[in-house]
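Asker: This is the structure, below, for whatever I ask next.
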Amino acid sequence: MLKQRIITALLLLPVALGGFFLLDGGAFALFIGAVVTLGGWEWARLAGFSAQPARVGYALLVAVLLYLFYRVPALAPWILLAAIVWWLLATLLVLSFPSSSRYWAGAPAKLVIGLLILLPAWQGLVLLKQWPLANGLILSVMVLVWGADIGAYFSGKAFGKRKLAPQVSPGKSWEGLFGGLLASLLITAAVGVYRDWSVNEFVLGLGGAALVVLVSVVGDLTESMFKRQAGLKDSSNLLPGHGGVLDRIDSLTAAIPVFALLFWLFDASGRAL
């Protein structure tokens, strides 16, 4: 399994890095759109559709909506606001699982939720790519999420005792959450010192980083909740040794639209962390 994970990572890493940081404009939107469309194909399975025609049909719906949003950029703020509303609601659903499943267990609700998860993540990345220091912004949100994941893993392994959401993901602990949050805040503070932030920028930067990391945890737990309800371990086996696309981007689907909206509201210049 470890060998398989390493081989898959080595094959995908240059493709992912090239797509994220070398492409621009329509090519970048298409690249991210392809990833999100694959996520839609996987989400249809979580929604209870095992037949390929139905899963492909849902993926095509995702692709058509992405094209519409690309052609009508004025929809962008509304898409990001819809994501904020959804992730607030998702937090409540995760905290009250499994009783909350009565509100979303039906296929129609799951299909709509899939759109609320996938489409804003694409929109957020497309917006970040259009701003000054575009690659720096994209790298910033990724480093925040990855740093939190690494901090959560080690602190949870060393100190984890109190379960964060035992009904959803028994392996996660409050100690891991706090460790991941601390790691991301230390990263943000180090960048702030390097970039000579003012006191006001430090407050906004640390507060924004904390919010992005916390919502990324909700994104991770939300996919786990849907997989648990569907009785699935992975969203698919597209990535040998890693599961599916959604398993790799679940935290980012929540973090990206929040990150993008924060920069839109507080720093219209798109300045990187």
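Readers should treat all values here as calculations from the given coordinates under stated rules, not as data from a laboratory. Because the structure is a prediction, the values reported are computed rather than measured. Please note: Cβ atoms are built from the backbone with ideal geometry, for glycine as well, and neighbour counts cover all protein chains shown.
Asker: Does the stretch 171-241 come out rounded, prolate or oblate by the C-alpha gyration tensor, with a ≥ b ≥ c the root eigenvalues, rounded set by a/c under 1.5 and, if not, prolate when a/b is larger than b/c and oblate if not?
Answerer: Verdict is prolate for the stretch 171-241.
Asker: Collect residues whose amide H, placed 1.01 Å from N in the peptide plane, falls under 5 Å from the amide H of residue 172; neighbours closer than 5 in sequence don't count.
Answerer: Residues meeting the amide H criterion: 164, 165.
Asker: Restricting everything to alpha-carbon atoms, can you work out Rg to Rh for the stretch 99-178 with a Kirkwood hydrodynamic radius?
Answerer: Details: Rg = 17.1 Å, Rh = 15.4 Å.
Result: Rg/Rh = 1.11.
Asker: While we're looking at this one, here's another question. Could you tally the net charge around residue 58, taking each other residue with its Cβ under 12 Å from the Cβ of residue 58, Lys/Arg +1 and Asp/Glu -1? Write out the running numbers ahead of the final one.
Answerer: Working: positive: 45, 55, 110; negative: 42.
Residues close to residue 58 contribute a combined charge of +2.
Asker: Quick check: from the Cα gyration tensor, does the chain come out rounded (a/c under 1.5), prolate or oblate?
Answerer: On the way: a/c = 1.43, a/b = 1.13, b/c = 1.27.
Cα axes put the chain in the rounded bin.
Asker: Taking trypsin sites (Lys or Arg not before Pro) that fall in a DSSP loop and have at most 13 other Cβ atoms within 10 Å as cut points, what is the longest piece of the chain between them?
Answerer: Here the longest segment lacking exposed loop sites spans 1-160.
Asker: Holding the Cα-Cα limit at 22 Å, pick out from 110/172; 163/227; 110/161; 172/227; 172/233 the pairs that are longer than that.
Answerer: The pairs that break the limit, which is 22 Å between Cα atoms, are 110/172; 110/161.
Asker: Where is the GNM fluctuation largest for the chain (alpha-carbon springs, 10 angstrom cutoff): 19, 176, 231?
Answerer: 231
Asker: Starting from the Cα gyration tensor of the stretch 135-273, take the square roots of the eigenvalues, sort them a ≥ b ≥ c, and report rounded, prolate or oblate (rounded when a/c is under 1.5, otherwise prolate if a/b is larger than b/c, else oblate).
Answerer: Because a/c hits 1.5 or more and a/b exceeds b/c, the stretch 135-273 counts as prolate.
Asker: Now for a separate question. State the answer as a single residue: which of 253, 103, 89 lies farthest towards the positive end of the charge dipole of the chain, with beta carbon charges of +1 for Lys and Arg and -1 for Asp and Glu, about the Cα centre.
Answerer: With unit charges placed on the Cβ atoms, the residue in question is 103.
Asker: How large is the charge dipole for the stretch 93-169, taken about the Cα centre, if only the Cβ atoms of Lys, Arg (+1) and Asp, Glu (-1) carry charge, to the nearest 20 debye?
Answerer: 300
Asker: Evaluate the charge dipole of the chain about its Cα centre and quote only its size in Debye, nearest 20, assuming +1 on the Cβ of each Lys and Arg and -1 on the Cβ of each Asp and Glu.
Answerer: 720
Asker: Looking at the chain as a GNM with Cα springs under 10 Å, which of 223, 42, 175 has the largest mean-square fluctuation?
Answerer: Top of the fluctuation ranking is 175.
Asker: In whole Å, what are the Cα extents of the stretch 51-156 along the three principal axes, biggest one first?
Answerer: Sorted from largest, the Cα extents of the stretch 51-156 read 44, 42, 27 Å.
Asker: Counting helices only, and only those DSSP H runs with n ≥ 4, report the 222 nm mean residue ellipticity of the chain as the sum of -39,500 (n - 2.57) divided by its residues, in deg cm²/dmol to the nearest 500.
Answerer: Calculated from helices alone, the mean residue ellipticity at 222 nm is -27000 deg cm²/dmol.
Asker: To the nearest Å, what is the center-to-center distance of the stretch 150-220 and the stretch 59-132, using C-alpha atoms only?
Answerer: 23
Asker: Would you work out which of 188, 224, 203 lies farthest towards the positive end of the dipole of the stretch 156-273, given +1 charges on the beta-carbon of Lys and Arg and -1 on that of Asp and Glu, about the Cα centre?
Answerer: Going by the Cα projections, it comes out as 224.
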